[in-house]
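So the structure is just underneath, and the comments pick up after that.
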Amino acid sequence: MLKQSIISTVALAALLLSSAHAAPKATMTKPDFTKGDPIPEGANHDWTLGATGTRGWMYSEKLCTVDARQISITKVDPKSPADGKLAVGDVILGVGGKPFSYDPRTEFGKALTAAEAKDGKLALTRWKTGATDEVVLQLPVLGTYSKTAPYKCEKSKKILDAGCEALAASMANDSNYARQNPITRSLNALALLASGDPKYLELIKKEADWAKGFSADSMATWHYGYVMMFLAEYTMATGDASAMAGLERLAMEASTGQSNVGSWGHKFATPDGRLYGYGMMNAPGVTLTNGLVLAKLAGVKKPELDLAIKRSTKLLRFYKGKGSIPYGDHSPWIQNHDDNGKNGMAAVLFNLLGETEEAEYFSRMSLACHGGERDTGHTGNFWNMTWAIPGVAQSGPQATGAWMQEFGAWSFDLARRWDGTFTHQGPPEMMNDKTGGWDTTGAYLLAYAMPRKAIALTGKRPSNIPQLDEKSAQAIIMDGRGWSNKDRNSAYDALTGDELFEKLGSWSPIVRDRAAMALARKQNVPVDKLIELLDSKNLYARMGACDALGSQKAAAAVPALVKTLKHEDMWLRIKAAEALGKIGEPGMVALPEILTMLAKGATPTDPRAMEQRFLSSVVFGQMLKKSIDGVDRELLQKAIEAGLKNEDGRARSEVANVYTKYSFEEIRPLLPAIHQAIVKPAPSGEMFASGVRISGLKLLAKHKIKEGLPLIIEVMDIQSWGKAGRMPECLSVIEAYGPAAKSILPDLRQLEQDLIKHSEAKGLKVHADRLTAIIAKIESSTETVELRGLNK
């Protein structure tokens, strides 16, 4: 078996340390290159400037280039159209004889598209050493993108053919190609396969020989999905069974490496079915599921594979109609219409499975994601760009054509180099673009290969969802407008109240949320009109009304919201409960009803107890945050005991917020459930799973419950992610037990030695010193502490 040593592993591993979404760099002063200003120090993000053969830097702020008006040339390729006409240090001030007037990245991209459609002449206004002149570059003539591009589009065909030629040459002649990232390597091989051209079969077979022996320990979840997709598509397209053993091995490793709730993280799961580190990550998870589904179509027949697909799709299916698939086991993401391309991945996945409603929703979300939304993404926008067209294409040629006209045409043309290859562009001035410099040729060419329908990923298995007409596709494009990283509000703030009310009924949860927030910023919003929407025949309008009423803190809406808690739609019930929580004291009349709902737990229609999860946040994070006075204790006890069994660590931690509000006598009946929540960690939400355990330990220590003592070191777990936060808390628990902790002194001394041994390398010295002092104090104490048992 080939053991892969991968250069990109270090880059991908850095994802672990990154924030959930991209953050812009600190604001810099915008340089004026015509006055001799240099490119600011540390501003290292330049751009491929299409088929010119150049790269250039432009100013950006808040992940946008809209304020730039100059492009400083940073590189000119020999023998390219710009060779001999432009030089490093030249400044581009405009295109087509006019200075840049809005976003030079967009304007330059559109000028490229226009030039390639006509005579290939790209006219640039160039500043050089104090003088301004016009420079004309000759680009290849490719024609115009069709209204249904890449379908029935000669330009798309030319780009695909030229790109495949260049890609094949690179694969055959580049001695370093074998060291390429396995994700981009698999995408490149998939693109050649998707071209349907038999002349690439020898190269593709060579890549299949590599892929069938592929294995990785680090970041395996990121790589396996793409490698499996390639091997499965290769097997189905060629009938070559030689890769089946490797495909089956990869599929089994991925299936058995799944967590008990159907998720994957940076690594495969531990033997107990939980994830390492901070837990679930959907970016590798959805692609792994796509790989497993394709492996099954290719002939892998294993019950473990079937179970893994069933678990994962149950998890992902929840997000239909609620927002974008989020980073991990979080609430639906409602900032953008896609989040790291996961909606595009899901559109492909559910279409492969024949699940029409899910595929339709995620495809529409992909279509609405363009411009500033598509520019963003966790540690870069590689995944957002890779899965854009595959997701949109499920809705048909009018959908892809509309998306290309809105965003894809100019951005794709800007990313395509003069030799036909593509390099990852990334978002403007992003701090954590961990995919910077990746070869994205295959990723882009897969989009252009859609009309060939040569493999399942590019349409060989036809779409099961209704195909959009031109008008409907354009309407969804409009849903994605009016938002950028620099300006998230003004477009919606400019709308009238009636227009915002109409948007509250949008199919898009992102549009509904933006409209609700805009209404919250307005004066004299007619609350009675919002209350009327709660009885609308449009389910989306009811959800939008809940969002708006919560933002308005509309006490008058409480009776109508309480009534809405009885609705058959789970998400509407949750939205109503969230609105009641935001309203505050007037909404407390709904508490008994919400506690009853929370105590219900999992049901056949809600197998992961998601309703309970969100209601836990409402009840314990809002309604009972300050006090539990006057609350029915029996009802509250049932809700707490049920909530502490939720599979999500964050939901359990929300429940723990009430521990300190009880007297000992009141909380005594709950101690077994609290203890069990410490003993058995939540199977999901690993990032937050320690919260309820630490809260429980603090409670047991406060009341000197002996069963808490042996759990302290287990919860501290100095070998696992997040120890920096757990250790001070657990050391405080030991101090709270005081002399009663003598029974665990042998364990504490061993812990002390472990901390001292690794203190310098892992930054644990401060904790080691503190533990040494605690041990000394316990050993010297002559005080006797009486411990209680859980049931005494």
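The values are calculated or read from the model by the stated rules, or taken from the named source; none is laboratory data. Remember, predicted model here, so these are calculated numbers, not experimental data. No Cβ is skipped: glycine too gets one built from the backbone with ideal geometry, and neighbour counts run over all protein chains shown. Just the protein is used for accessible areas: all its heavy atoms, side chains included, with ligands, DNA and RNA removed. Shrake-Rupley method; radii C 1.70, N 1.55, O 1.52, S 1.80 Å.
Suppose we filter the stretch 193-203 for residues that are buried (at least 24 other Cβ atoms within 10 Å of the Cβ) and free of Cβ contacts under 8 Å to residues at least 40 places away in the same chain; how many remain?
Initial filter on the stretch 193-203 (buried (at least 24 other Cβ atoms within 10 Å of the Cβ)): 193-195.
From the residues that got through so far, the ones that are free of Cβ contacts under 8 Å to residues at least 40 places away in the same chain too are none.
Final tally of qualifying residues: 0.
Which residue out of 252, 229 is touching a residue at least 60 places away in the same chain (Cβ under 8 Å) and closer than 26 Å to residue 684 by Cβ?
Details: 252 fails: touching a residue at least 60 places away in the same chain (Cβ under 8 Å).
None of the other options fit; the residue is 229.
Across the stretch 144-169, what is the number of residues that are in contact (Cβ under 8 Å) with a residue 40 or more places away in the chain and either of a type outside the set (D, E, K, R) or in contact with a Phe, Trp or Tyr (Cβ under 9 Å, 6 or more places away or on another chain) (or both)? Explain how you work it out, then say what you get.
Kept after step one, since they are in contact (Cβ under 8 Å) with a residue 40 or more places away in the chain, are these residues of the stretch 144-169: 145-153, 156-157, 159-160, 162-167.
Filter once more, so that each one left must be either of a type outside the set (D, E, K, R) or in contact with a Phe, Trp or Tyr (Cβ under 9 Å, 6 or more places away or on another chain) (or both): 145-146, 148-151, 153, 156-157, 159-160, 162-164, 166-167.
Residues in the stretch 144-169 being in contact (Cβ under 8 Å) with a residue 40 or more places away in the chain and either of a type outside the set (D, E, K, R) or in contact with a Phe, Trp or Tyr (Cβ under 9 Å, 6 or more places away or on another chain) (or both): 16 in total.
In the stretch 646-691, what count of residues is obtained for those that are charged (D, E, K, R), over 21 Å from residue 721 (Cα atoms) and in contact (Cβ under 8 Å) with a residue 60 or more places away in the chain?
Final tally of qualifying residues: 0.
Given the condition among the small types (Gly, Ala, Ser), in a loop (DSSP other than H, G, I, E, B) and open to solvent by 40 Å² or more (accessible area, probe 1.4 Å), answer yes or no: does some residue in the stretch 680-689 qualify?
We begin by selecting, within the stretch 680-689, every residue among the small types (Gly, Ala, Ser); these are 682, 684-685, 689.
Then keep just the ones that are in a loop (DSSP other than H, G, I, E, B); that gives 682, 685.
Applying the additional criterion that residues be open to solvent by 40 Å² or more (accessible area, probe 1.4 Å) yields none.
Checked against the condition, which is being among the small types (Gly, Ala, Ser), in a loop (DSSP other than H, G, I, E, B) and open to solvent by 40 Å² or more (accessible area, probe 1.4 Å), the stretch 680-689 yields no hits at all.
One line per residue, one yes/no per condition, for (1) at pLDDT 95 or above; (2) under 30 Å from the mean Cα position of the chain (by Cα); (3) open to solvent by 60 Å² or more (accessible area, probe 1.4 Å):
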residue	(1), (2), (3)
563	yes, no, yes
577	yes, yes, no
607	no, yes, yes
615	yes, yes, no
639	yes, no, no
642	yes, yes, no
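Which of the following residues is touching a residue at least 60 places away in the same chain (Cβ under 8 Å), part of a helix (DSSP H, G or I) and of a type in the set (Asp, Glu): 707, 714?
Numbers: 714 fails: touching a residue at least 60 places away in the same chain (Cβ under 8 Å).
Answer to the selection: 707.
Scan the stretch 65-75 for residues that are open to solvent by 10 Å² or more (accessible area, probe 1.4 Å) and within 31 Å of the chain's Cα centre (by Cα) and report the count.
The total comes to 2.
Taking residue 442 as the residue in question, decide whether it is part of a loop (DSSP other than H, G, I, E, B), open to solvent by less than 60 Å² (accessible area, probe 1.4 Å), under 27 Å from residue 112 (Cβ atoms) and in contact (Cβ under 8 Å) with a residue 12 or more places away in the chain. Can you show your working first?
Values: part of a loop (DSSP other than H, G, I, E, B): no; open to solvent by less than 60 Å² (accessible area, probe 1.4 Å): yes; under 27 Å from residue 112 (Cβ atoms): yes; in contact (Cβ under 8 Å) with a residue 12 or more places away in the chain: yes.
Considered against the rule, which asks whether it is part of a loop (DSSP other than H, G, I, E, B), open to solvent by less than 60 Å² (accessible area, probe 1.4 Å), under 27 Å from residue 112 (Cβ atoms) and in contact (Cβ under 8 Å) with a residue 12 or more places away in the chain, residue 442 comes out as no.
Under the condition of being among the basic types (Lys, Arg) and in a helix (DSSP H, G or I), which residue from the stretch 148-190 is least open to solvent (accessible area, probe 1.4 Å)?
Step one: filter the stretch 148-190 for residues among the basic types (Lys, Arg), giving 152, 155, 157-158, 179, 185.
Next, from what is left, pick out any that are in a helix (DSSP H, G or I): 155, 157-158, 179, 185.
Values: 155: 1, 157: 96, 158: 90, 179: 140, 185: 17 Å².
Out of the qualifying residues, it is 155.
Have a look at 468, 457 and point out the one that is at pLDDT 95 or above, crowded, with 23+ Cβ neighbours inside 10 Å and outside any helix (DSSP H, G or I). Before the answer, list the steps.
Values: 457 fails: outside any helix (DSSP H, G or I).
Going through 468, 457 in turn, just one is at pLDDT 95 or above, crowded, with 23+ Cβ neighbours inside 10 Å and outside any helix (DSSP H, G or I): 468.
Just checking, does the stretch 730-741 include any residue being within 39 Å of the chain's Cα centre (by Cα) and either of a type in the set (Gly, Ala, Ser) or exposed (fewer than 15 other Cβ atoms within 10 Å of the Cβ) (or both)? Can you show your working first?
Looking only at the stretch 730-741, we keep the residues that are within 39 Å of the chain's Cα centre (by Cα), and these are 730-734.
Next, only the ones that are either of a type in the set (Gly, Ala, Ser) or exposed (fewer than 15 other Cβ atoms within 10 Å of the Cβ) (or both) stay: 732.
Scanning the stretch 730-741 turns up at least one residue that is within 39 Å of the chain's Cα centre (by Cα) and either of a type in the set (Gly, Ala, Ser) or exposed (fewer than 15 other Cβ atoms within 10 Å of the Cβ) (or both).
Every residue in the stretch 262-295 that is more than 29 Å from residue 243 (Cβ to Cβ) and at pLDDT 95 or above, please.
none
Which condition does residue 248 not pass, out of (1) assigned to a helix (DSSP H, G or I); (2) touching an Asp or Glu at 6+ places or on another chain (Cβ under 9 Å); (3) among the charged types (D, E, K, R), if it passes all the others?
Result: residue 248 passes all but (2).
Would you please name the residue that is nearest to residue 181 (Cα to Cα), looking only at residues in the stretch 217-233 that are open to solvent by less than 10 Å² (accessible area, probe 1.4 Å) and either of a type in the set (D, E, K, R) or more than 23 Å from the chain's Cα centre (by Cα) (or both)?
Among residues in the stretch 217-233 that are open to solvent by less than 10 Å² (accessible area, probe 1.4 Å) and either of a type in the set (D, E, K, R) or more than 23 Å from the chain's Cα centre (by Cα) (or both), the one nearest to residue 181 (Cα to Cα) is 231.
Tell me, which helices (runs of 4 or more DSSP H) lie completely within the stretch 487-549 with 1 or more residues that are closer than 19 Å to residue 560 by Cβ and open to solvent by less than 30 Å² (accessible area, probe 1.4 Å)? Give the steps one after another, and end with the answer.
Numbers: elements: 490-493, 497-503, 509-521, 527-533.
Here the list reads 497-503, 509-521, 527-533.
Checking residue 99 against (1) within 22 Å of residue 38 (Cα to Cα); (2) buried (at least 22 other Cβ atoms within 10 Å of the Cβ); (3) not polar (S, T, N, Q), which test does it fail?
The one condition residue 99 does not meet is (2).
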